[in-house]
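Right, one structure below, let's go through it.
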Amino acid sequence: MKILGIETSCDETAAALVEHGSRIISNVVASQIDIHARYGGVVPEVASRQHLLTVIPVIKEAMAGANWQDIDGIAVTYGPGLAGSLLVGVNAAKAIALATGLPIVGVNHLEAHVYANWLEQSSPSGQGSEVRFPCLCLIVSGGHSDLLLMKGHGSFRALGRTRDDAAGEAFDKAARILGLGYPGGPAIERSAGAGTPCLPLPRAWLKGSHDFSFSGLKTAMWHLVQKGGVSVADAAASFQLAVADVLVAKTIEAARQSKVEQILLSGGVAANRTITRRILADSPVPVLVPPPHLCTDNAAMVAACGYHQFRAGNTSDYDLDVIPSLSLG
Ligand code: KG4
Ligand code: ZN
């Protein structure tokens, strides 16, 4: 079964062709980072207009070498994300479905991040899915820091989420404070490599809860930088360590309490090797983490998730609408 995935929820226009929910045939991502970098963050209206320009060329590139007759269905992200951006992908999917007669299914972007772990390139042996249920999913992206218990395909229960800034959002804001540019995660990781985590920064443990909070950490760093005399690399390293300490400890604790078989990491922040190495080292159960280019937004994960939706008999009608605040679990 071959599924075309389409993803336009934020600032990447992406399309991918995936077979059996695991083998990537094509995976095209057109990033808008350069366009938004000058504003220090994603400008929604600029993003949706850019998707409009790029979505057809990106889909054509993903389909190069394939015919519509080879495809079994179209999976498209319908939330969460920016309304104007989501609309472009959903309408493109509907137009193709109308022209080809193919079925479509709306995919939750957060669930799609988790399904990046089913892609062949994510499994240590390269042999496709090695996931065992129940598993604990940590989704850490620009908009979310969620801990979920996954009992089977499409079956999620929320255990904890952020009470303020998401982990990726904290990285982006900290990078702005340090003058490191957008997106902040990769910039902080690079800068941290040249520094020492020697600055005293707080950790919000929120004992007895699986929730996260990162806004206090960001404010504390702002005050430290305002006082002056702080090296950017040391501040970046200290910030990264503070985020890692909390993500690692809370994920491991949730895994122990919920007695899972595995931990699945996903989302842009899971591209951070300092954080993932720590979780891999400390976890009592096997940890799966996609390679960095499948942690950040892409359409292969959307196609992988769509494959399992189609297999479960789920399809969407032409009245599929976008849900910008869609949650999971
Ligand atoms: O999953 P994603 O590509 O898009 C959303 O769904 O939000 O995540 C983007 C977020 C950004 O906040 C970015 O700064 C962060 O992931 N990120 C990282 C790294 N690469 C991307 N954070 C820490 N370390 C990284 N290497
Ligand atoms: Zn994402």
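Pull up the range 183-219, narrow it to residues that are within 14 Å of ligand 1 (Cβ to nearest atom) and open to solvent by 30 Å² or more (accessible area, probe 1.4 Å), then point me to the one that is farthest from the chain's Cα centre (by Cα).
For the range 183-219, the residue satisfying everything is Gly193.
Can Val46 be described as in a loop (DSSP other than H, G, I, E, B), β-branched (Val, Ile, Thr), at negative phi and at pLDDT below 95?
Taking the combined requirement at face value, the residue does not satisfy it.
Of all residues being near ligand 1 (Cβ under 8 Å from one of its atoms) and outside any loop (DSSP other than H, G, I, E, B) in the range 275-298, which is surrounded by the fewest Cβ atoms within 10 Å (Cβ to Cβ)? Just the residue, please.
Taking the candidates together, the pick is Pro292.
Is it the case, given these coordinates, that Pro80 is surrounded by fewer than 24 Cβ atoms within 10 Å (Cβ to Cβ) and within 16 Å of ligand 2 (Cβ to nearest atom)?
Yes, satisfied.
Suppose we keep only residues that are surrounded by 14 or more Cβ atoms within 10 Å (Cβ to Cβ) and hydrophobic (A, V, I, L, M, F, W, C) within the range 299-316. Which one would you say is nearest to Val29 (Cα to Cα)?
Filtering first and then ranking leaves Ala299.
Would you say Trp222 is aromatic (Phe, Trp, Tyr) and part of a helix (DSSP H, G or I)?
Answer is yes for this residue.
Return the residue satisfying two criteria in turn: it lies in the range 64-83 and is more than 16 Å from ligand 1 (Cβ to nearest atom) and not in a loop (DSSP other than H, G, I, E, B), and of such residues it is farthest from the chain's Cα centre (by Cα).
Gln69
Filter the range 11-34 down to residues that are under 18 Å from Leu86 (Cβ atoms) and open to solvent by 40 Å² or more (accessible area, probe 1.4 Å) and give me whichever is modelled with the lowest pLDDT.
Taking the candidates together, the pick is Ser31.
When both residues are 6+ apart or on different chains and their Cβ atoms are under 7 Å apart, which pairs have a first residue that lies in the range 44-57 and is within 16 Å of Pro324 (Cα to Cα), and a second that is of a type in the set (D, E, K, R)?
Between residues of the range 44-57 that are within 16 Å of Pro324 (Cα to Cα) and residues that are of a type in the set (D, E, K, R), the close pairs are Ala47/Asp11.
Among the residues of the range 7-38, which ones are of a type in the set (S, T, N, Q), within 15 Å of the chain's Cα centre (by Cα) and assigned to a strand (DSSP E or B)?
Thr13, Ser31
List the residue pairs whose Cβ atoms are under 7 Å apart, where the first residue sits in the range 139-163 and is open to solvent by less than 50 Å² (accessible area, probe 1.4 Å), the second is in a strand (DSSP E or B) and of a type in the set (Gly, Ala, Ser), and the two are 6 or more positions apart or on different chains.
Ile139/Ser266; Asp146/Ala158; Leu147/Gly160; Leu148/Ala158; Thr162/Ser145
Here are Gly329, Gly267, Gly228: which of them is in contact with a His (Cβ under 8 Å, 6 or more places away or on another chain) and either open to solvent by 30 Å² or more (accessible area, probe 1.4 Å) or at pLDDT 95 or above (or both)?
Gly267
Criterion first (free of Cβ contacts under 8 Å to residues at least 12 places away in the same chain and surrounded by fewer than 21 Cβ atoms within 10 Å (Cβ to Cβ)) does Asp319 satisfy it?
Here the answer is yes, as Asp319 does meet what is asked.
Does Gln257 satisfy being polar (S, T, N, Q), within 16 Å of ligand 1 (Cβ to nearest atom), at pLDDT 95 or above and not in a loop (DSSP other than H, G, I, E, B)? Full working, then the answer.
Numbers: polar (S, T, N, Q): yes; within 16 Å of ligand 1 (Cβ to nearest atom): no; at pLDDT 95 or above: yes; not in a loop (DSSP other than H, G, I, E, B): yes.
No, not satisfied.
Could you look through the range 186-219, keep only residues that are among the charged types (D, E, K, R) and not in a helix (DSSP H, G or I), and pick out the one that is farthest from ligand 2 (Cβ to nearest atom)?
Filtering the range 186-219 for residues that are among the charged types (D, E, K, R) and not in a helix (DSSP H, G or I), the one farthest from ligand 2 (Cβ to nearest atom) comes out as Lys207.
The values are calculated or read from the model by the stated rules, or taken from the named source; none is laboratory data. The model shown is predicted, which means the values in this text are computed figures rather than measured ones. Because the Cβ atoms are built from the backbone with ideal geometry, glycine has one as well, and the counts that use them run over all protein chains shown. SASA here: full protein model, heavy atoms, side chains in, ligands and nucleic acids out. Shrake-Rupley method; radii C 1.70, N 1.55, O 1.52, S 1.80 Å.
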